[in-house]
Each structure stands twice: as structure tokens, then as C-alpha cells.
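The values are calculated or read from the model by the stated rules, or taken from the named source; none is laboratory data. None of these values were measured; they are calculated from a predicted model. Counting neighbours? That spans all protein chains shown, and the Cβs are built from the backbone with ideal geometry, glycine included.
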Number of protein chains: 2
Amino acid sequence: MAIVLDPAEIAKTYREAIREEIKTLGDPPLLLAGFLAADHGPSKTYAEYTAKACADVGVRFDLRHLKRLEAEDAIAEANVDPRIHGILVYYPLFGPEHDAYIRDRVDPSKDIEGLHSFWAHCLYQNRRFIDAERTKKAILPCTPLAILKLLEAAGAFGGTAGKPLAGKRATVFNRSEVVGRPLASMMANDGAEVVSFDLDGVQLFQPREGEPGPGNDRRSASAYGVSESTVDRATALRDADVVITGVPSRSFPLVTPDEIKPGAICLNFSTMKNFREDIVERASAYIPRVGPMTVTMALRNTLRLYRNAEGERPCS
Amino acid sequence: MAIVLDPAEIAKTYREAIREEIKTLGDPPLLLAGFLAADHGPSKTYAEYTAKACADVGVRFDLRHLKRLEAEDAIAEANVDPRIHGILVYYPLFGPEHDAYIRDRVDPSKDIEGLHSFWAHCLYQNRRFIDAERTKKAILPCTPLAILKLLEAAGAFGGTAGKPLAGKRATVFNRSEVVGRPLASMMANDGAEVVSFDLDGVQLFQPREGEPGPGNDRRSASAYGVSESTVDRATALRDADVVITGVPSRSFPLVTPDEIKPGAICLNFSTMKNFREDIVERASAYIPRVGPMTVTMALRNTLRLYRNAEGERPCS
């Protein structure tokens, strides 16, 4: 039987480290601004997670309820408000295209979720620092980052230090710009071969040979290649050491125990169920949700962006 | 019976002006790079339009057939190639989110289609120039711009010089980031009240009172407001002086003569039919497609971007 991992438990260690670092920053404490248009559902739940997590680590959180058509102006104000260190927008607000436009309205230096296309571009170009001196680290999108940390906790990292997922095969159902595609990219950077399913087709992310570059951290090894693939679900699931699902649809056929490799690590980040409950009978670990870890990674990103900005503050 | 307007005919006058201006630029002629991943369908048709239009006005056109996964690298190369003045990418390549990412990889100064979020942001902020000296004009997205020029040719512009659509009501079926939303915004800037339908709901774009600002052109009058609306299709069609459709779905119920106001101007920019053919019995003008005008506006944008860059060229 699989271990069922609770992301809230795993997040505790990370939060402790964040809490300790925040204590060293002095007054006034960091301030996050959250913008929420929905009055129920996953957005509201995630906003509640955020409030709890902020209280837990000592960050102030100002959650503003607004109409979705007010979000763009509210973001513009928060971008230039020197009291605000980080911005969270609770999506979806509109459709995927309009939301992509809104995501890019957040100043990247306050984008603690790492959703701005500036950060996506850094990731896809394998650019780990944003300054020539290599002191300011790029931000990774918080849900894919949370997923990698959870996979690590589930024992998926068996490779070398530079390529912790070397030799592993992963199958990911979802290639959205906010989770699935950056996730596949990060996993391939870490050495995994990733089969990526989406409505738009199947793609294969394959690590390229090479060593980490000088001064780079582990994810700055050589890039990966992407190609179109014709592999089917049955084959991809049978071969996968890691199966990740993020399909927000009731018509997705639940992944069943007989489809997966014995001992596979299974993780779902969709708000809908994507695995059949008896998946635990064949998996080695099952992670049914990611939420509390995502918000923890957003807090980690907050600290990173705060450190990046230190050189630019008049008093430092 | 309605006049049926052929966009290719209307484009001729614009092309003549473009051809004359291009003659004054000397050698080597302007060069556009096109990237096409599809081997059939609307993308290929639009690429063929582009080739003809370029030949017509004296612009070189280098069309490259590639795999969609090669597009990002090809764009990056074209961005830094000093021989290339403008870039056209034939969408769709992936899904809407990934395509939005690709659109933003094109250098705005070579984005003759005006699809980069930089240009969208200029439009939504009603920013008509990109420099403090007000010499470099912002680029408008070429399909909405083409639609406005076609509406003008169809006699829709009856307002004042600053607000040519003042007092008009328009209904638009489509609120995509590349056509419907910028179009509604431009029409509201021009004085129209626009009901915008999309899967995501109904929105009302309303012009605000105010005069054009000093030194601004006609579209730089006061901004517009957007609100959610509960108006239904029947009401919106009954009241509209201008009906614009862009629904790429066979399940969209075709707009019929009995639904529209007598004398309304009807325009379809979808590659699928959205009006029933007998719409001409009640409309004053019917414009069944936009394509040739779109590529003409992209050529117009090419000249604008060329003029914008003149101050930055070593030889000028």
C-alpha cells in the first residue's frame, strides 16, 4: 500500500525555515496583497490557505474582494505601492487568454507566484539569474515548484545531485502555461523524460546530455528538447515512475491501479479527482493535492524577491 | 438589399498609399519574415494573402515552413536579425495560452500584427505614442484595425471627427485577446456602445464623456468603461447598428434577418459562416470576410514601425 502524503505536513519544514528568515528582517513585516473575485470555490479556498500560511510565518496579508473587471486597475496600483512586497491574484478571472494578459500586468518583481511571462521565459531559456553578477535568482512558478518538492519528499529523487530525476520517466496530464508546461520543463531539466498529454496533443520532453554550467545551480544543466509524440496513454502510464494529473474535467477517465507501474509515485494537482481511490494499492506514494505546498512556495518566492530587491532599496 | 463589400477592393486604396510610401524608402526593400506550421487551412490561406500583398506593394516576404515547436527559436533569431523589418506568425500553433506566450516572444518593434501584450497594453491604457516626444505611434492589432476601416467604408462612421462612432450601438460575438476585446475597446474609444458576447459572459463597453486630449489623435479621447451585462442576444441584435461576428464554431446559431435592425451593417471575421445568407435582405451592408484588409493593415503597421525605428538607425 502507498504512503499517502499530506502536503500540509511536508510544508511545515519549509514554513519553519521561512518563518526564521522572516524574523531576521525586522519591521515592518512583509506585506502581500491578494485579489479575489470569486465568492466560493477553489479560488476562495486558496485565499484562505494564503491567509493561514501568512499568519503562520509572520507575513501580513491584505485580501481584497473585488469584481474581476477591477483587477487590472488594482494590480496597477499595487505594482507601484512601495508598502506591498508581493501580489497574489486568484484565478480564473476570465478565460485563459484574458487571464494570461492579467498575469502579465503584475510587476515581475512582485509576482510571488512566478506566473509572469518574464519568469516563464527565464525558465524556458534555463536562465537562473536575472543579473549579470548572478546575485539575483529567477523565480520559479509556485505550483510546479511545490510539485517538485512533494516528489522529493515522496522519494522520487534518486539521481545525481545535478540531475535528481535522471533515469526517471514521468507522465503528466496537463500542459497549461501555469503548471503543466513549466513542470515538464523543470522535470526535464532535472533529468527526467516526460510524456506530456494535453488536448493539444502529446509531447515528449527529453533531457539533453551535458554538465551543469559553471556557477549554475542544479537546474542550470543543459537544456532539454521537446518533440511531438504518438505514445498512447496505456504505454505512457505503464512506463512511468511518476504520474502527475491536473485535468479539471469530469470526463477524464480516472487513472486506475492496473494502468500504472507497481511502485509509481502518483500526484494530483487538479481540484477534481483524477485517480481512482484504489490507486494506493499499487502506487508507492500518493499525493492527492498540492495547495498548502503551493502557497508555501509563494512565500519562499516572496523572500527571494525581497532579497533580489535589497540592492535597490535606498536604506540598504 | 445590402451592398456586399469585398475587402480586397477596399484594401486597394490603402495598398496604393503604402506602395507609394515604400517607393520613397530606397534599397534594400523592406523584408518580412513569416513562420507557418500548418500545411493547409486558414493559416496557409493567410500566408498566401501575405505573399500576394507583399508583392503588390513592393515588400520582400520570406515565408518559412517549420514545425510548431521550432517557432520560438525562429522568432528569437528573427528578432535580432537586422535584415528583417517585420515578423508574421501564422496562428494557431498550440492552444490559446501557449500561443499567447509565443506572441509575446516577437520583439514589439517587429510585431507588425500588433499582437504583443505591449501593444495591447498601450491600447487598453489609451496610450497613442510610445515616446515622451510623441513622435513614435503605438501599433494597433491588424484585424480589429482592418474591421474599423471596413466599417468606415460601409458608412458606419457618422459621428464627429473625434468620435466617429458616437451614438452607434454595436454587438460583437467574440472577445478573444487578438480580435474581439481590442475591437470592442477601439470602438468604444471611437464613441460606440458595444455589447460583447463570449463564452465567458456578456460585457458592455461604454464610452465615457470627455474631449480628446491635447495633441492626441481621434482615438485618444477619454477612455471607456467596461461592466458585466445581462443583456440577451435578441435585445442586443435588435438594437445594434453594427453586428460583428467571429465565432469559429458550427454550433453558433447563424444570425438571421429577423434578428437584426433594418439597415444594420453586418461583418463576419470568423473563418466559419456566422450570418445566414439572406442577411443581405435586411442589412444595409454585409462584409463576409476581412482577410485581405488584415494583411494590408499589417503592411501599414510595417511602415509605422519602420518610421518609429528611423531615429535609432545608425545611418539616419
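Conditions tested, residue by residue: (1) buried (at least 18 other Cβ atoms within 10 Å of the Cβ); (2) under 30 Å from B:Gln125 (Cα atoms); (3) in contact (Cβ under 8 Å) with a residue 12 or more places away in the chain.
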| site | (1), (2), (3) |
| --- | --- |
| A:Ala8 | no, no, yes |
| A:Arg15 | yes, no, yes |
| A:Phe35 | yes, yes, yes |
| A:Ala47 | yes, yes, yes |
| A:Lys67 | no, yes, yes |
| A:Ile84 | yes, yes, yes |
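Looking only at region B:49-65, filter to residues that are touching a strand residue (DSSP E or B) at 6+ places or on another chain (Cβ under 9 Å) and surrounded by 21 or more Cβ atoms within 10 Å (Cβ to Cβ); which one of those is nearest to the other protein chains (Cβ to nearest Cβ)?
It comes out as B:Thr50.
Yes/no matrix, rows are residues, columns are (1) over 30 Å from A:Asp200 (Cβ atoms); (2) in a helix (DSSP H, G or I); (3) charged (D, E, K, R); (4) within 14 Å of chain A (Cβ to nearest Cβ):
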| site | (1), (2), (3), (4) |
| --- | --- |
| B:His98 | no, yes, no, yes |
| B:Trp119 | no, yes, no, yes |
| B:Arg134 | yes, no, yes, no |
| B:Gly162 | yes, no, no, no |
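Got a sec? Which of A:Ile130, A:Ile139 is surrounded by fewer than 24 Cβ atoms within 10 Å (Cβ to Cβ), among the hydrophobic types (A, V, I, L, M, F, W, C), more than 14 Å from chain B (Cβ to nearest Cβ) and touching a residue at least 40 places away in the same chain (Cβ under 8 Å)? Please lay out each step first, then the result.
Details: A:Ile139 fails: surrounded by fewer than 24 Cβ atoms within 10 Å (Cβ to Cβ).
Going through A:Ile130, A:Ile139 in turn, the sole match is A:Ile130.
Yes or no: B:Pro248 outside any loop (DSSP other than H, G, I, E, B) and either touching a residue at least 24 places away in the same chain (Cβ under 8 Å) or under 30 Å from B:Pro29 (Cβ atoms) (or both)? It would help to see each step written out before you state the result.
Values: outside any loop (DSSP other than H, G, I, E, B): no; either touching a residue at least 24 places away in the same chain (Cβ under 8 Å) or under 30 Å from B:Pro29 (Cβ atoms) (or both): yes.
No; evaluated as a whole, the condition is false for this residue.
Return the residues of region A:221-245 that are in contact with a Ser or Thr (Cβ under 6 Å, 6 or more places away or on another chain) and assigned to a loop (DSSP other than H, G, I, E, B); say none if nothing qualifies.
Matches in region A:221-245: A:Ala240 only.
Sort out which residues of region B:9-49 are within 19 Å of B:Val290 (Cβ to Cβ) and of a type in the set (Phe, Trp, Tyr), and write them in order of number.
B:Tyr14, B:Tyr46, B:Tyr49
Just to be sure before I move on: is A:Glu211 outside the structural domain of A:Tyr46 (by TED's automatic domain parsing) and at pLDDT below 95 in the structure I sent? Before the answer, list the steps.
Working: outside the structural domain of A:Tyr46 (by TED's automatic domain parsing): yes; at pLDDT below 95: yes.
Considered against the rule, which asks whether it is outside the structural domain of A:Tyr46 (by TED's automatic domain parsing) and at pLDDT below 95, A:Glu211 comes out as yes.
Suppose we filter B:Ala192, B:Ala223, B:Ala170, B:Ala153 for residues that are out of contact with any Gly (no Cβ under 7 Å at 6 or more places or on another chain) and at pLDDT below 95; which single one remains? Even if it seems obvious, please write down each step before you answer.
Details: B:Ala192 fails: at pLDDT below 95; B:Ala170 fails: at pLDDT below 95; B:Ala153 fails: at pLDDT below 95.
Step by step, each of B:Ala192, B:Ala223, B:Ala170, B:Ala153 is checked, and only B:Ala223 is out of contact with any Gly (no Cβ under 7 Å at 6 or more places or on another chain) and at pLDDT below 95.
What's the total number of residues in region A:76-96 that are assigned to a loop (DSSP other than H, G, I, E, B) and within 14 Å of chain B (Cβ to nearest Cβ)? Please lay out each step first, then the result.
In the first step, residues of region A:76-96 are kept if they are assigned to a loop (DSSP other than H, G, I, E, B); the result is A:81-85, A:90-95.
Within this subset, residues satisfying the condition of being within 14 Å of chain B (Cβ to nearest Cβ) are A:91-95.
Matching residues across region A:76-96 total 5.
Could you list, in sequence order, the residues of region B:293-307 that are crowded, with 19+ Cβ neighbours inside 10 Å and out of contact with any Phe, Trp or Tyr (no Cβ under 6 Å at 6 or more places or on another chain)?
First, the residues of region B:293-307 that are crowded, with 19+ Cβ neighbours inside 10 Å: B:293-303, B:305.
Result: B:Met293, B:Thr294, B:Met297, B:Ala298, B:Leu299, B:Arg300, B:Asn301, B:Thr302, B:Leu303, B:Leu305.
One line per residue, one yes/no per condition, for (1) of a type in the set (D, E, K, R); (2) in contact with a Phe, Trp or Tyr (Cβ under 7 Å, 6 or more places away or on another chain):
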| position | (1), (2) |
| --- | --- |
| A:Arg64 | yes, yes |
| A:Glu77 | yes, no |
| A:Val80 | no, no |
| A:Gly86 | no, no |
| A:Tyr91 | no, no |
| A:Gly95 | no, no |
| A:Tyr101 | no, no |
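Could you tell me whether A:Ile139 is of a type in the set (Val, Ile, Thr), out of contact with any His (no Cβ under 6 Å at 6 or more places or on another chain) and in a loop (DSSP other than H, G, I, E, B)? Quick ask: steps written out before the conclusion?
On the way: of a type in the set (Val, Ile, Thr): yes; out of contact with any His (no Cβ under 6 Å at 6 or more places or on another chain): yes; in a loop (DSSP other than H, G, I, E, B): yes.
It is true that A:Ile139 is of a type in the set (Val, Ile, Thr), out of contact with any His (no Cβ under 6 Å at 6 or more places or on another chain) and in a loop (DSSP other than H, G, I, E, B).
State whether the residues of region B:106-113 include one that is away from chain A (no Cβ under 14 Å), closer than 25 Å to B:Leu36 by Cβ and assigned to a loop (DSSP other than H, G, I, E, B).
Step one: list which residues in region B:106-113 are away from chain A (no Cβ under 14 Å), which gives B:109-113.
Of the ones still in play, those that are also closer than 25 Å to B:Leu36 by Cβ are B:109-113.
Filter again for assigned to a loop (DSSP other than H, G, I, E, B), leaving B:112-113.
Taking every residue of region B:106-113 in turn, at least one turns out to be away from chain A (no Cβ under 14 Å), closer than 25 Å to B:Leu36 by Cβ and assigned to a loop (DSSP other than H, G, I, E, B).
Could you count how many residues in region B:151-200 are buried (at least 24 other Cβ atoms within 10 Å of the Cβ), over 25 Å from B:Ile3 (Cβ atoms) and among the charged types (D, E, K, R)?
Within region B:151-200, residues that are buried (at least 24 other Cβ atoms within 10 Å of the Cβ), over 25 Å from B:Ile3 (Cβ atoms) and among the charged types (D, E, K, R) number 2.
Out of everything in region B:173-210 that is part of a helix (DSSP H, G or I) and either within 11 Å of chain A (Cβ to nearest Cβ) or among the polar types (S, T, N, Q) (or both), what residue ends up being nearest to B:Arg289 (Cα to Cα)? Spell out how you get there, then give the answer.
Taking region B:173-210 and keeping what is part of a helix (DSSP H, G or I), we get B:180-189.
After this cut, where a residue has to be either within 11 Å of chain A (Cβ to nearest Cβ) or among the polar types (S, T, N, Q) (or both) as well, the list is B:180-182, B:185, B:189.
Details: B:Gly180: 15, B:Arg181: 18, B:Pro182: 18, B:Ser185: 21, B:Asn189: 24 Å.
The selected residue is B:Gly180.
So B:Ala132 passes all but one of these: (1) closer than 24 Å to A:Ala120 by Cα; (2) out of contact with any Phe, Trp or Tyr (no Cβ under 8 Å at 6 or more places or on another chain). Which condition number does it fail?
The single condition B:Ala132 does not satisfy is (1).
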